[in-house]
Amino acid sequence: MMNFEKPFIVLEMANNHNGDIEHGFEIVKNFSDVCKRYSHKFEFAIKFQYRNLENFIHKDFVDQDIKYVRRFLDTQLTEEEWKSLLDFSKLNNFKLMCTPFDEDSVEKVVKDNFDILKIASASMDDWPLLETVVKTNLPIIASVGGASIEKIKRFYYFMKNRDKSFALNYCVSTYPTKIENLNLEYIEYMRNLFPDINIGFSTHEGNESALTGALAYSKGARIFEKHIALNNEDKNFKINDYSSTPNDLDVWLQNLLLSTKIVGTIEGRKNYLSEEDVALKSLKRGMYAKNNISKGKIFTKEDIYFAIPTSSDQYVANDFSKFNILTSTKDIEPGSPITFSNTDIVDNKLSLESIRDEVKELLKKSNVYHFKDSVLEISHHYGIKQFKKCGCTLITLINKQYCKKVIILLPGQENPEHYHKKKEESFLMISGKLDVKLDNKTHILEPGDILHIPVLSKHSFSTKDGAVFEEISTTHHTDDSFYTDDKINLNTERKSFIPLS
């Protein structure tokens, strides 16, 4: 991808130097003075156009009064003038960009050490020209004015297949463009269609609105091209309807700069969330003790109520969820706030997400794929804090007259002894090594092994380095697991669920 540290502004001089080198210098100097005020936020380039007029214009039409023929011939600069104008532009801190309209001009762009090569809208399907362009090592920006999406895609793949560094500028190729024909929504469409390259905006509208750059930025444009010119009454040099004066550009850049501040970044919102949270806390209901709460008590709904006002060190309603375990660290009287100083909180959701990430990694290493929208069932027989030692995770794929599950044990885990009164099951080993104790007999299962577990047979299993296996069984019933340790049977909160994806 062609990357710029800042939004990239290209000032298109085109033929607005009017073939007068001194006027060209004036344009560079006046617009440089404007750009200096914004150089901390934007990068700037000035763009020219090259044509080998001996070949570009058919000899039979050289003397005819045809608009562009006369325009190009009457605004020619000599080689020496070009060199002085380019050198002057560099001295004024502009990068150099050029649009070549023929093969000879591509060679001249390279020879004159331009930084970027531009493809005009009229040339984006000029394949003889493009074949010459891609032989250069210059980064490329192409305008897509007048191009169908099929034509844009052909150009995109032409450049991608040649491993070129390039960007695309959305553009409307009418001069000037009516505001209602800008359709800046297309910038976002192009960004979604080509997410691996930069999308810009090349403008041809007049100066009736200074918001076009700002709006294009909000749609995702990060490259901007704008025509520039200067009036000179003494030389009868006039500004066309789609070019900007220094003052026009200044106002346009002010709005663009404001847009960058308003649009901001994804990271910027993350950085500001904590400040928002502080501002919102005073609007949230605080947590208060309903009854006398003794030290060491795990809170239930019957212990608390929610009300305003809320102090800065107080737990609020959204802290009370099935994922959080709140335990008092002091005796708390009725009506007292539940605060950071009298209560500890454990976020089980963070624990569950951490478990999920480890399980997904083990499944990936085991080349096990799961259905979309699968739910991970986490068994923590002695509580989530003991899960890494005692527990397992399960994915139920089918549970009808027959049942199929994938069971995962993380390294060092064991699943305690239990039996089933209804379910008959078989373990099919996928990866890792599993130690199974079945009716006091030890079995070591490795990938490809199968072990049958009859009804009422007591069994437990463990692993040193992690294991994944399938369980094929008759219908699974939630009340059909009976543990040797009655503490587990009495623990009604030994299951947690979290989406696997």
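A few remarks follow.
- When residue 393 is tested against (1) surrounded by 19 or more Cβ atoms within 10 Å (Cβ to Cβ); (2) closer than 16 Å to residue 431 by Cβ; (3) touching a residue at least 40 places away in the same chain (Cβ under 8 Å); (4) out of contact with any Ser or Thr (no Cβ under 6 Å at 6 or more places or on another chain), only condition (3) is not met.
- Number of positions in segment 34-60 that are charged (D, E, K, R), modelled with pLDDT of 95 or more, outside any loop (DSSP other than H, G, I, E, B) and over 14 Å from residue 244 (Cβ atoms): 2
- The set of residues in segment 329-383 being part of a helix (DSSP H, G or I) and under 19 Å from residue 319 (Cα atoms) consists of 348, 349, 350, 351, 352, 353.
- Filter pass, residue 355 being among the β-branched types (Val, Ile, Thr), in the same structural domain as residue 486 (by TED's automatic domain parsing) and surrounded by 12 or more Cβ atoms within 10 Å (Cβ to Cβ): yes
- Boolean, residue 154 is surrounded by fewer than 18 Cβ atoms within 10 Å (Cβ to Cβ), of a type in the set (Lys, Arg), modelled with pLDDT of 95 or more and assigned to a helix (DSSP H, G or I): yes
- Some residue of segment 311-322 being hydrophobic (A, V, I, L, M, F, W, C), touching a Lys or Arg at 6+ places or on another chain (Cβ under 8 Å) and part of a helix (DSSP H, G or I): yes
- If the condition is being in contact with a helix residue (DSSP H, G or I) (Cβ under 7 Å, 6 or more places away or on another chain) and either among the β-branched types (Val, Ile, Thr) or at positive phi (or both), then segment 443-497 contributes 466, 468.
- Yes/no for residue 321 being in the same structural domain as residue 298 (by TED's automatic domain parsing), at pLDDT below 90 and exposed (fewer than 15 other Cβ atoms within 10 Å of the Cβ): yes
- Selection count where residues are within 18 Å of the chain's Cα centre (by Cα) and free of Cβ contacts under 8 Å to residues at least 40 places away in the same chain, scope segment 245-271: 8
- Flag if residue 375 is more than 17 Å from residue 467 (Cα to Cα) and at pLDDT below 95: yes
- Taking segment 418-490 and the strands (runs of 3 or more DSSP E) fully enclosed by it, the elements with 3 or more residues that are surrounded by 15 or more Cβ atoms within 10 Å (Cβ to Cβ) are at 425-432, 434-438, 459-462, 467-474.
- The listed residue being touching a strand residue (DSSP E or B) at 6+ places or on another chain (Cβ under 6 Å) and in the same structural domain as residue 119 (by TED's automatic domain parsing), out of 218, 244, 209, 259: 244
- In segment 396-416, the residues that are in a strand (DSSP E or B) and surrounded by 17 or more Cβ atoms within 10 Å (Cβ to Cβ): 403, 405, 406, 407, 408, 409, 414, 415, 416
Table: residues versus (1) in contact with a Phe, Trp or Tyr (Cβ under 8 Å, 6 or more places away or on another chain); (2) assigned by TED's automatic domain parsing to the domain that holds residue 355; (3) touching a residue at least 24 places away in the same chain (Cβ under 8 Å); (4) among the aliphatic types (A, V, I, L, M).
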residue	(1), (2), (3), (4)
406	yes, yes, yes, yes
418	yes, yes, yes, no
428	yes, yes, yes, yes
447	no, yes, no, no
451	yes, yes, yes, yes
458	yes, yes, yes, no
462	no, yes, yes, no
471	yes, yes, yes, no
476	no, yes, yes, no
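- Being surrounded by fewer than 17 Cβ atoms within 10 Å (Cβ to Cβ), out of contact with any helix residue (DSSP H, G or I) (no Cβ under 8 Å at 6 or more places or on another chain), within 18 Å of residue 356 (Cβ to Cβ) and of a type in the set (Gly, Ala, Ser) is a property that residue 383 has.
- Filtered residue count, segment 193-244, keeping only those that are among the basic types (Lys, Arg), within 18 Å of residue 75 (Cβ to Cβ) and either touching an Asp or Glu at 6+ places or on another chain (Cβ under 8 Å) or modelled with pLDDT of 95 or more (or both): 1
The values are calculated or read from the model by the stated rules, or taken from the named source; none is laboratory data. Note that the coordinates shown come from a computational prediction; the quantities given were computed from them, not determined experimentally. All Cβ positions, glycine included, derive from the backbone under ideal geometry; neighbour counts span all protein chains shown.
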